[in-house]
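A single structure is presented below for examination.
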Amino acid sequence: MRNHGYRAGKCFAAAVALVLLPLAGSGCRDEVGGELGSTLGGGTAPTAPAEAVNSYAHDPEAFTQGLVFDAGVLYESTGGRGTSSLRKVALESGEVLERVAVPEPYFAEGLALLDERLYQLTWQEKTAFVYDRASLKRVASMSYAGEGWGLTTDGRLLILSDGSNVLRFLEPSTFEVVRTLPVVDGGEYVHYLNELEWVRGEIWANVWHRDQIARIDPQSGRVIAWLDLAHLAPAVRTDNPEAVPNGIAFDEQTGRVFVTGKLWPVLYEIRLPAP
């Protein structure tokens, strides 16, 4: 999961995701109906550096795939064949308070909290696990088409990324697709959408192997702005090509935003940009 085989496999899977999924239509066309690599009209969204206002310890062995903040603690989904987990983590210390192992062959991915249920995706197994938030007891499993990368919620529906430029809005009780949203910026499709978070009416997305977070309009799919995390990346980002930014959590009560990355020893609180 940290080797070149994983990287190549995920890259290949993302490249063909739009062809394999029924949602993408037939042939090598994406959700908006254009040929892959074609462009749309519109200006490129501005980029600004993320401003860190605090930092906390983070498990450097955690291959972070999903991050949620609720009631003063973090919930984290970590990936890896045989090492995947769901964790409850103390914000201030980074201590793992509770851990639920995700058994092989599952490779855990995105995580979202909705109505006291934690929903955890898996990468290629087409399965989502549902947990009771308070006990972390698994209470159900759901099926979906294609791959699972990132997951968030708008408070009613779940929003899933699969490594393509298309987000899927899902009915939580059935995982039925309610609608899809192609994501574009400056006339280009934004592929490799990864970890997701709903932040004050926007969808924030890590983009695999980029150091920027895309702030996405959930109605049009256009990128509103980019937040650059490159200056916050620890040394492991240079040493390990898979130690990419991945993990966004929003504290609705205080407006705090937390970000981290795969195998990062640090989690940052960043300032919420002005609307």
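Quick note: the coordinates plus some simple rules give every number you see, no bench work behind them. Fair warning: this is a prediction, and the values are worked out from it, not measured in the lab. Cβ coordinates were reconstructed from backbone atoms using ideal geometry, including for glycine residues, and neighbour counts include every protein chain displayed.
Multiply the residue gap between residue 81 and residue 136 by 0.36 nm, knock off their C-alpha separation, and tell me the result in nm, one decimal place.
Length difference between fully extended and current span is 17.8 nm.
Can you give the FRET efficiency to the nearest 0.05 for residue 98 and residue 217, using r as the Cβ-Cβ distance and R₀ = 25 Å?
Values: r = 36 Å, r/R0 = 1.44.
Working from the Cβ atoms, E equals 0.10.
Just want to confirm a number: the relative contact order over segment 171-275, from Cα pairs under 8 angstrom separated by 6+ residues, in percent.
Relative contact order here is 18 percent.
Pop out the ³J(HN,Hα) list for segment 88-100 in order, Karplus 6.51 cos²θ - 1.76 cosθ + 1.60 with θ = phi - 60°, rounded to Hz; leave Gly and Pro as x.
For segment 88-100, the Karplus curve yields 10, 10, 6, 4, 5, 9, x, 5, 7, 7, 9, 9, 10 Hz.
Let me know the whole percent of all Cα-Cα pairs from segment 92-246 that are separated by more than 21 Å.
Summing the P(r) of segment 92-246 above 21 Å gives 47 percent of all pairs.
Under 37 °C and 0.692 mPa s, how fast does segment 4-270 diffuse according to Stokes-Einstein, given a Kirkwood radius computed over C-alpha pairs? Answer in µm²/s, whole number.
Value of D from the Cα-based Kirkwood radius: 180 µm²/s.
While we're on this one: Nearest 20 debye, what's the magnitude of the dipole of segment 4-270 about its Cα centre given +1 on Lys and Arg Cβ and -1 on Asp and Glu Cβ? Don't skip to the answer; put the middle values down first.
On the way: 22 positive and 35 negative charges, 82 e Å.
Result for segment 4-270 is approximately 400 debye, rounded to the nearest 20.
Give, rounded to the nearest 20 debye, the magnitude of the charge dipole that segment 126-203 has about its Cα centre when Lys and Arg contribute +1 at Cβ and Asp and Glu contribute -1 at Cβ.
Once rounded to the nearest 20, the dipole reads 400 debye.
Then there's this: For residue 47 and residue 124, FRET efficiency with R0 = 35 Å and r from the beta-carbon atoms, rounded to 0.05?
According to the calculation, E is roughly 0.65.
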